[in-house]
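Written below as structure tokens is the structure these notes are about.
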Amino acid sequence: MTFDRSFFRIGPARLFVHAMVLLIVIVWLVPTLGIFVTALRDKDQITVSGWWTAFSGSTQTTAVRLDGGDKAQPDGPNYVISGSVFAAAGSLGKVSAFGVKAQDPSAFKVGEPAEIGNGETLLINTDGSYKYTKNTAFDDTRGKRIYISVASPPAFTLQNFKTVVTGEGIGQSFINSLTVTIPATIIPILIAAFAAYALAWMEFPGRSLMIALVVGLIVVPLQMSLIPLLRLYNEIGSFLGVPSKTYPGIWLAHTAFGMPLAIYLLRNYIAGLPKEIIESARVDGASDFDIFVKIILPLSFPALASFAIFQFLWVWNDLLIAMVFLGTGKEELVLTGSLNALLGSRGGNWEILTASAFVTIIVPLLVFFGLQRYLVRGLLAGSVKGG
């Protein structure tokens, strides 16, 4: 077997590019891995340790109370109380250390008798069993309060995903999200493709001004135009007798917000197509519509697919516009709204949040892998033949 030595001759520029690509991959992969690991952990483990400790276990300090003096048994001149620190909650792991003060919960080692004062000796084993000895009778029937450090082994569960998937209304919300996202992705692409061709290859008065207007609309904050657009839509709806919170309304809203960027991207792409192809088609008598349908659209699949991916992701993950234009009822609530309701009023359920993140990316991933082949297709592959 022979090796091409040129493979190992990587110049500084190429090495830098490879290093940057590797860095970007790590920057994206590490947080994603952290979210996935957190989604598989128990709620109690999430609150006491980071996700990077999930594979090595975690240590949790907790307060427990020993049995009271009424459980003491005489042992020669001493009195002894025996039991388990896990008696109330069951086995939580292995005890690694213990203490009698909250400021120092790991003061004593397990497996060795510890003098804790007042003639008292406490022995705690790793399995949680203990032997509490005193040289006089116990006068405290409530039991002594101690602190233990419990080392829990790595544990993973699918309960978080089960909670998200089987949550009330999740199925209907999933259908609602598809009903909103699919038309809200297709409509702006269709309209923007026609507008981009007109702005790129058709001559008419005010074309430059329209291009500048489209670029200006891209920088308009969504929050600034949301309420005026809603009021305008409600006024038109009341004039025509149409309810305000309907699917056509949110389709038009997403179309309006996505149109400027779609026109800008597609116009730049279409304007970069070879001028000779367009002129040859016009010489052959093709109309602008024929040129657009038979030449521009096939050659613009990479740009159309790119915008379709971004528009789909943006609409699928949207919550604000869906709540404003569609409402928060159970029959209209989208998937992001239902998952947000599962988090609770304070949003502290991290296990639900991370599991929801992976549930919501399933459909966008399918869309991406279904369209990504157009992103790497050659710009003019198969469009011009030599002869």
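Only residues that are outside any loop (DSSP other than H, G, I, E, B) and in contact (Cβ under 8 Å) with a residue 12 or more places away in the chain were counted in segment 239-267, giving 20.
Residues in segment 15-46 that are touching a residue at least 40 places away in the same chain (Cβ under 8 Å) and of a type outside the set (A, V, I, L, M): Phe36, Thr38, Arg41, Asp42, Lys43, Gln45. So, Ile236, is that one free of Cβ contacts under 8 Å to residues at least 60 places away in the same chain and either small (Gly, Ala, Ser) or open to solvent by 60 Å² or more (accessible area, probe 1.4 Å) (or both) or not? Judged against the criteria, Ile236 is a match. Taken together, the residues in segment 102-158 that are crowded, with 18+ Cβ neighbours inside 10 Å, within 49 Å of the chain's Cα centre (by Cα) and either in a loop (DSSP other than H, G, I, E, B) or without any contact (Cβ under 8 Å) to a residue 12 or more places away in the chain (or both) amount to 5. Scanning segment 209-231 for residues that are more than 28 Å from the chain's Cα centre (by Cα), modelled with pLDDT under 85 and open to solvent by 90 Å² or more (accessible area, probe 1.4 Å) returns a single hit, Arg231. Within segment 316-337, the set of residues being part of a helix (DSSP H, G or I) and farther than 18 Å from Tyr233 by Cβ comprises Trp316, Leu335, Thr336, Gly337. Only one of the listed residues (Lys330, Lys294) is open to solvent by 10 Å² or more (accessible area, probe 1.4 Å) and at pLDDT 85 or above. That residue is Lys294. Consider segment 169-191 and keep the residues that are free of Cβ contacts under 8 Å to residues at least 60 places away in the same chain and within 27 Å of Trp350 (Cα to Cα). The one that is most open to solvent (accessible area, probe 1.4 Å) is Ile175. Just checking, does segment 196-219 include any residue being within 18 Å of Thr336 (Cα to Cα) and aliphatic (A, V, I, L, M)? No, segment 196-219 has no match at all.
The values are calculated or read from the model by the stated rules, or taken from the named source; none is laboratory data. Please read all numbers here as calculations on a predicted model, not as lab measurements. FYI the Cβ positions are ideal-geometry reconstructions off the backbone, even for glycines, and counts take in every protein chain you see. Remember, those area values only see protein heavy atoms, side chains included, never the ligands or the DNA or RNA. Shrake-Rupley method; radii C 1.70, N 1.55, O 1.52, S 1.80 Å.
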